[in-house]
Amino acid sequence: MATPPRFRNGSPNHHSRNVYCLTVLMLTLSCLGFFVERRNETTRLADAQGLLSTNTTPQGVSGGRARGGGFDSPSSSGSPGGGFSGGGGALPPAGGPSYGGGYPSYPSGGPVIVPVPGGYVGGYPGGYVGGYPGGGIAIGGDAGLLFLLAVLGFTVLPLITNLMRLGVNRSGRGIQVADSGNELTNDVVTITQLQVALLSQARDLQTELETIAARSDIDTKPGLNRLLQETVLALLRSPEYWSHAKVTGQTVRSRAQASQVFEQLSVTERSKFSRETLVNVGGQVSHQTYQTKPDADPAAYIVVTLIVGTAEDQPLITQPIHSASDLQAALRRLGGVTPDYLLVYELLWAPQAASDSLSYDEMLTAYPDLTQIS
């Protein structure tokens, strides 16, 4: 009577179970890395866009608005809605950029058995490659080792890549563009939002902003750039009234996404106005009357918001604003943007009407993220 072969590392079922558990573990880690990356990307985008405001309901104040420019690619100026137009219309379709996966698709047929080389499968020591009931394939010997290495490569490597990408995203250095062409012709765009709160005694600044917004020729790049520079100069000339400030920036890979980010920022700020009493969009200036609230609190602040879209491939302002010198540097950086690099600019301020007021409590409610300047 023949003696059955001895198993060097346990039964075939034991080997198959170990390999199966290892494969499931690798797949689980890969899926975990994928979902962690997607969640981080969504959170980062929401943070950079400044859409986590605690209150966006109208605050009962009048607002002024002037806007010009567009995010159309230089090569698509002839497309519908292209060229240098005022913008500010309908919101673009929701959704962000698509990201390459790099995750393998696994067979949906019958089971796959991967014995350890040198094991015993089906009565043949050393393993074999042959048919398996249900449409699967039994793989053994060196083929089993190669298959195991392939599974590890397709699962562990994407996980490591995802974790490295998470580290880059959290570093706050923006999107690194390697040899992507000239900044003026590629689709990488930087969106910057600067907000400055001034004491209500700066009524001269309020009047100056009204004049600048109403008479600016924002249908041309030089005219839009002049609007930005005059806004910056008006703020730089009033340092004694600076009270609070905040700056945020984001660099995105496509102009379609840039348009979405810009519109969301604009709508968030405009929703804080009960009425836009002075508007200059696309060169069309309109005025509306405003009735003063009978129970309005004493005027305390004026808040000016600058939303700027530029062709730079890196954030314009990388440091938060905590002091007057920080704000001065941020304003000078925005004022230094040239007409070629300026794509879109929107100026918003509240209150706009001379008889209107923004109290201390209203300012804190509508602009809770502003930091007091030391």
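The values are calculated or read from the model by the stated rules, or taken from the named source; none is laboratory data. No experiment lies behind these values; they were computed from the predicted model shown. Here the Cβ is made from the backbone with ideal geometry for all residues, glycine too, and neighbour counts use every protein chain on show.
I'd like to verify a number: residues in the range 295-332 that are more than 21 Å from the chain's Cα centre (by Cα) and buried (at least 16 other Cβ atoms within 10 Å of the Cβ), how many? Quick ask: steps written out before the conclusion?
Initial filter on the range 295-332 (more than 21 Å from the chain's Cα centre (by Cα)): 295-304, 322-329, 331-332.
Pick out the ones that are also buried (at least 16 other Cβ atoms within 10 Å of the Cβ) and you get 296, 299-304, 326-327, 331.
Adding up the residues that qualify gives 10.
So, in the range 349-364, of the ones that are surrounded by fewer than 24 Cβ atoms within 10 Å (Cβ to Cβ) and of a type outside the set (Ser, Thr, Tyr), which residue ends up modelled with the lowest pLDDT? For the range 349-364, the residue satisfying everything is ALA354. When SER259 is tested against (1) at pLDDT 95 or above; (2) under 23 Å from ILE321 (Cα atoms); (3) among the small types (Gly, Ala, Ser), just one condition goes unmet, and that condition is (2). Residues in the range 298-321 that are small (Gly, Ala, Ser) and closer than 16 Å to MET363 by Cβ: ALA299, ALA300.
Criterion first (polar (S, T, N, Q), over 20 Å from GLU240 (Cα atoms) and under 25 Å from the mean Cα position of the chain (by Cα)) does THR371 satisfy it? Write out each step before concluding.
Details: polar (S, T, N, Q): yes; over 20 Å from GLU240 (Cα atoms): no; under 25 Å from the mean Cα position of the chain (by Cα): yes.
Spelling it out, it is not the case that THR371 is polar (S, T, N, Q), over 20 Å from GLU240 (Cα atoms) and under 25 Å from the mean Cα position of the chain (by Cα).
Take the conditions (1) touching a residue at least 60 places away in the same chain (Cβ under 8 Å); (2) under 22 Å from ARG333 (Cα atoms); GLN260 misses just one of them, which is (2). From the list LEU265, LEU224, LEU233, which one is hydrophobic (A, V, I, L, M, F, W, C), under 17 Å from LEU327 (Cβ atoms) and either in a helix (DSSP H, G or I) or out of contact with any strand residue (DSSP E or B) (no Cβ under 7 Å at 6 or more places or on another chain) (or both)? Criteria check complete, one pass: LEU233. Checked against (1) buried (at least 19 other Cβ atoms within 10 Å of the Cβ); (2) polar (S, T, N, Q); (3) without any contact (Cβ under 8 Å) to a residue 24 or more places away in the chain, THR289 meets all criteria but (1).
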